[in-house]
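I have placed the structure first, in the form of structure tokens, so that the comments after it can refer back to it.
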There are 2 protein chains.
Amino acid sequence: MIAVDWGSSSLRAWRLNAAGAIVDTRRADLGALGHGAATSALLADALQGWDDTELLLCGMVGARGGWSEAPYLPCPATPAALAQALQEVPTQGTALQGRRARIVPGVRGGSQALPDVMRGEETQIVGLLSQCPDAAQVCLPGTHSKWVSLQAGAIAGVHTAMTGESYALYRQHSMLARSMPPTSEPEVFDAEVFAAGVRRSGEPGGLLHHLFGVRTLGLFDRLAPAQAPAYLSGLLIGHEVRAQLPLRAPVHLIGGPTLGARYRQAFDLLGIDSHLHGEDLAACGLFHLTR
Amino acid sequence: MIAVDWGSSSLRAWRLNAAGAIVDTRRADLGALGHGAATSALLADALQGWDDTELLLCGMVGARGGWSEAPYLPCPATPAALAQALQEVPTQGTALQGRRARIVPGVRGGSQALPDVMRGEETQIVGLLSQCPDAAQVCLPGTHSKWVSLQAGAIAGVHTAMTGESYALYRQHSMLARSMPPTSEPEVFDAEVFAAGVRRSGEPGGLLHHLFGVRTLGLFDRLAPAQAPAYLSGLLIGHEVRAQLPLRAPVHLIGGPTLGARYRQAFDLLGIDSHLHGEDLAACGLFHLTR
């Protein structure tokens, strides 16, 4: 089968054998939204040469504006319920004719008055649950970090924090950018300075005040321009994690190595046990949903 | 005399009579930074027709990159200490020849390790103290809101929150902008929705999570696009104000009528007594510093 995690900015595809092992991998800088009827041709293109008939997709490809909207499944959502709610997309008369394509629905948590949602992360969590059935707390850092609580093998709650996007906003568009090197220069990550930001996030004053510290520390030569991005990152990740306390450790962290290492460092500083899992959990989750 | 509050984006000038009453007012969209030696000519232009010899300026005009850097005065800073530290700028050989120009220094608070600063607001506070000598807590909302504590007639502490700038960032550059009308359309302020944002800011989850609610509330039709900016504003101002609790009421609020009304509403919702003062306090403060 072919497993695809198609998000708002990129597509990742895995070719899996009958036992669920990854035999090939692809990646494209192709977002899932806004392609309309051309979506199936783009997908066929991305998968060229892989002739498996079974396609299972997760991520924003199932959002409004994606290939076909797969309504959110409410919490608590079990892997079995997700598997039952897979949404088939007709392929007849398209570039994918003769193949079966299905999309995993997103999951909706929060309250009726204040909903929260995810798309794609639920599938990584299915993969995680197949390996760690007792997992209780998951953190998926990113542009919009997802914090997911699990109970008895079901997704019990979803909680989003705009951490990655906020970092990019302040790094590129705010007055703080003037205290930092241009984004075109390669960044050297300073773990000490990152830790100072995480510690600062625990002091009084609030995030909006702590952010201004990036400027004043620069103004008084307490922070070099090259260090400022790591401090900003520490402030934001520190605020994100502290707002989740108390956590049910160990926290299962799902993400790439760079961001994963930063969050692990933040968890260590806060005395919280964590395990880092790779993003290939999506392939594992997609495989489990077809069984 | 001529009193000038020259900040990073605009210049405001007042012509005062010998009793300190305002006899004329000007405003220009002219920032104080980066003009180098051309600054005096620009200022002479802005003041054309006002031939008073005494000029007193406050704001970013005294910052690094302004007309002439006036070093920060440390806290506690009294009006008398500010008056003694006025920095004279030579005008001989410039368009301002024959006039005396002086700049009010900014004030530096915070700790040695984590300084905080203001430039211009200290002069508004001098004006406030001349009218309300017992004032203890001041809030000056804006791009970078200043929270200033006063003790025995001196500026005892400064604390900055990047509230206004954060609003502009999320309103214009973030994914949340897609849930709102274009900024080119006139905004209708919805006080009920603003209040909902302020209330939400007091719930668990943190600012980075609350911000994402602007999107999910829109996604599930709980918040119309035209209402989203007021909700965002309520979230940010609510977080700013709550981070300052407990406050020594009444809070003396110094600002324009639009932002002033929002902050007053936020203080009311939190049960904090506040008084709103206009921005002309700068003229009053500049007058008092010359006496």
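Figures for the structure shown
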{"read-out": "Selection within region A:74-131 - within 14 Å of chain B (Cβ to nearest Cβ) and under 16 Å from A:V61 (Cβ atoms)", "value": "A:G106, A:V107, A:V117, A:M118, A:R119, A:E121"}
{"read-out": "Top-ranked residue of region A:90-138 - restricted to ones that are among the hydrophobic types (A, V, I, L, M, F, W, C) and without any contact (Cβ under 8 Å) to a residue 40 or more places away in the chain, ranked as surrounded by the most Cβ atoms within 10 Å (Cβ to Cβ)", "value": "A:L114"}
{"read-out": "Criterion: within 14 Å of chain B (Cβ to nearest Cβ) and either surrounded by fewer than 23 Cβ atoms within 10 Å (Cβ to Cβ) or assigned to a helix (DSSP H, G or I) (or both) - qualifying residue of A:L236, A:L286", "value": "A:L236"}
{"read-out": "Residue within region B:148-167 that is within 13 Å of chain A (Cβ to nearest Cβ) and either among the basic types (K, R) or surrounded by fewer than 14 Cβ atoms within 10 Å (Cβ to Cβ) (or both) present", "value": "no"}
{"read-out": "Any chance B:A230 is farther than 30 Å from B:L56 by Cα, surrounded by 19 or more Cβ atoms within 10 Å (Cβ to Cβ) and in contact with a helix residue (DSSP H, G or I) (Cβ under 8 Å, 6 or more places away or on another chain)", "value": "yes"}
{"read-out": "Tally, over region B:20-43, of residues that are at pLDDT 95 or above, surrounded by fewer than 17 Cβ atoms within 10 Å (Cβ to Cβ) and assigned to a helix (DSSP H, G or I)", "value": "2"}
{"read-out": "Of residues in region A:182-198 being under 25 Å from the mean Cα position of the chain (by Cα) and charged (D, E, K, R), the one farthest from the other protein chains (Cβ to nearest Cβ)", "value": "A:E187"}
{"read-out": "Residues satisfying the stated conditions in region B:1-19, i.e. surrounded by fewer than 21 Cβ atoms within 10 Å (Cβ to Cβ) and not in a strand (DSSP E or B)", "value": "B:M1, B:S8, B:S9, B:S10, B:N17, B:A18, B:A19"}
{"read-out": "Qualifying residues in region B:169-181 (those that are assigned to a loop (DSSP other than H, G, I, E, B) and closer than 20 Å to A:Y170 by Cβ) - the one nearest to the other protein chains (Cβ to nearest Cβ)", "value": "B:S174"}
{"read-out": "Residue satisfying all of: in region A:242-262; touching a residue at least 40 places away in the same chain (Cβ under 8 Å) and within 14 Å of chain B (Cβ to nearest Cβ); nearest to A:G197 (Cα to Cα) among these", "value": "A:R242"}
{"read-out": "Neighbours by Cβ (under 9 Å, 6+ apart or cross-chain): first from region A:199-221, more than 9 Å from chain B (Cβ to nearest Cβ) and over 12 Å from B:E240 (Cα atoms); second surrounded by fewer than 22 Cβ atoms within 10 Å (Cβ to Cβ) and among the hydrophobic types (A, V, I, L, M, F, W, C)", "value": "A:R199/A:L269; A:G202/A:L270; A:G218/A:A224"}
{"read-out": "Any hit, region A:230-237, residues being of a type outside the set (D, E) and more than 15 Å from A:Y167 (Cα to Cα)", "value": "no"}
{"read-out": "Residue in region A:240-269 that is nearest to A:G127 (Cα to Cα), counting only those that are outside any strand (DSSP E or B) and β-branched (V, I, T)", "value": "A:T258"}
{"read-out": "In region B:168-188, residue nearest to A:H144 (Cα to Cα) [restricted to those that are surrounded by fewer than 18 Cβ atoms within 10 Å (Cβ to Cβ) and hydroxyl-bearing (S, T, Y)]", "value": "B:T183"}
{"read-out": "Where B:A70 falls short, out of the listed (1) in a loop (DSSP other than H, G, I, E, B); (2) surrounded by fewer than 23 Cβ atoms within 10 Å (Cβ to Cβ); (3) of a type in the set (G, A, S)", "value": "(2)"}
{"read-out": "Whichever residue in region A:222-231 is touching a residue at least 40 places away in the same chain (Cβ under 8 Å) and among the small types (G, A, S) and, among such residues, is nearest to the other protein chains (Cβ to nearest Cβ)", "value": "A:A228"}
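The values are calculated or read from the model by the stated rules, or taken from the named source; none is laboratory data. Just so it is clear, the structure is predicted and the values come from calculations on it, not from any experiment. Note: ideal-geometry Cβ built from the backbone for every residue, glycine included; neighbour counts use all protein chains shown.
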